[in-house]
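See below for the structure under consideration.
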Amino acid sequence: ADYLTDRSFDYVVLQQAGNPRAAALSAEEFLRQCDDVIAFFKEANPKAQFLFLVHHFAHQNSFGWLEALPRLAERGVKIVDWGKLVWELIGTSPFDKNSFIVCRSEKDGFHPNPLTGYLTALMTYCAITGKSAVGQTYGFAETTWRTFSEFKSKYYTYMGATTNYPEIFKSESDMKGLQTLIDQYLEEKAYREYQFK
């Protein structure tokens, strides 16, 4: 990565691609690639800390390298499995797939919406700081991502798709429940045990 001239970071956040080549990685190749990236940054800052974000698409499609996550954690990488959280919530009240994922076309079934962006960012923040997710603010969400109605009109266009994520943001009990689950998934290291749908 010759284009990356500044490699001295305190935290490096990694996330896999969702393309077929990444999906087909074996556990061993996945770990080798992670090791290469870690070495690249540790050369500049030996104290750098690493996080690996797991996309829901990896769970939806049962990517084979998921089994390597416990071994990646043993290397000192913090696993932020927001994808497992989202994937396991789909189909439980009040959540469906469109609560978390945009629906712009028949093929689009993996791009996160603002609710998922918030969950990912908050889970990463909590993994780094050790703080509880419960009680963290989320009132900024609508203004940060334009307005919810603008977002919905642009990204929920396939076959009259709808989403309830704005209502979830407005529900104190739903948001507290999601924040509580973030704490639970981080504490229990949810990535160690998979229950694929």
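The values are calculated or read from the model by the stated rules, or taken from the named source; none is laboratory data. Note that this is a predicted model, so its numbers are computed, not measured. Glycine gets a Cβ as well: all are built from the backbone with ideal geometry, and neighbour counts include every protein chain shown. In case anyone asks, the SASA skips ligands and DNA or RNA and just uses the protein heavy atoms, side chains included. Shrake-Rupley method; radii C 1.70, N 1.55, O 1.52, S 1.80 Å.
How far apart, in nanometres, would the label points at Arg104 and Glu188 be if each is projected 7 angstrom from Cα along the Cα-to-Cβ direction?
Placing both labels 7 Å beyond Cα along the Cβ direction yields 3.4 nm.
Can you compute the radius of gyration and Dmax for segment 14-101, using only the Cα atoms, both in Å?
Just the Cα atoms of segment 14-101 yield Rg and Dmax of 14.4, 47 Å.
For the chain, what's the relative contact order in percent, using C-alpha pairs closer than 8 Å and at least 6 residues apart?
On the way: 235 pairs, mean separation 40.3, N = 197.
Worked out over the chain, it gives 20 percent.
Less than 13 Å Cβ to Cβ from Phe148, Lys/Arg counted +1 and Asp/Glu -1: what total charge do the surrounding residues give?
Values: positive: Arg146, Lys152, Lys154, Lys170; negative: Glu142, Glu150, Glu167.
Result for the neighbourhood of Phe148: +1.
Determine the share of the chain's accessible area contributed by carbon and sulfur atoms, expressed in whole percent, with a 1.4 angstrom probe.
It is 52 percent, rounded to a whole number.
Measure off 7 Å from each Cα along the Cα-to-Cβ vector at Ser171 and Ser132, then give the distance between these two points in nanometres to one decimal.
2.2 nm
When the dipole is taken about the Cα centre of segment 1-83, and only Lys, Arg (+1) and Asp, Glu (-1) are charged at their Cβ, what size is it in debye, to the nearest 20?
Working: 8 positive and 11 negative charges, 23 e Å.
Computed charge dipole of segment 1-83: roughly 120 debye.
Subtract the Cα-Cα distance of Ala121 and Arg32 from 0.36 nm times their separation in residues, and report this length gain in nm to one decimal.
29.4 nm
Calculate, in whole percent, how much of the Cα-Cα pair population of the chain lies beyond 23 Å.
Values: 9169 of 19306 pairs.
Cα-Cα pairs in the chain separated by more than 23 Å: 47 percent.
Find the accessible area per residue for segment 44-187; the probe is 1.4 Å, ligands and nucleic acids are left out, and the unit is Å².
Ligands and nucleic acids excluded, the result is 46 Å² per residue.
Name the residue farthest towards the positive end of the dipole of the chain from the options Gln33, Trp87, Thr137, assuming +1 on Cβ of Lys and Arg, -1 on Cβ of Asp and Glu, about the Cα centre.
The Cα lying farthest towards the positive end belongs to Thr137.
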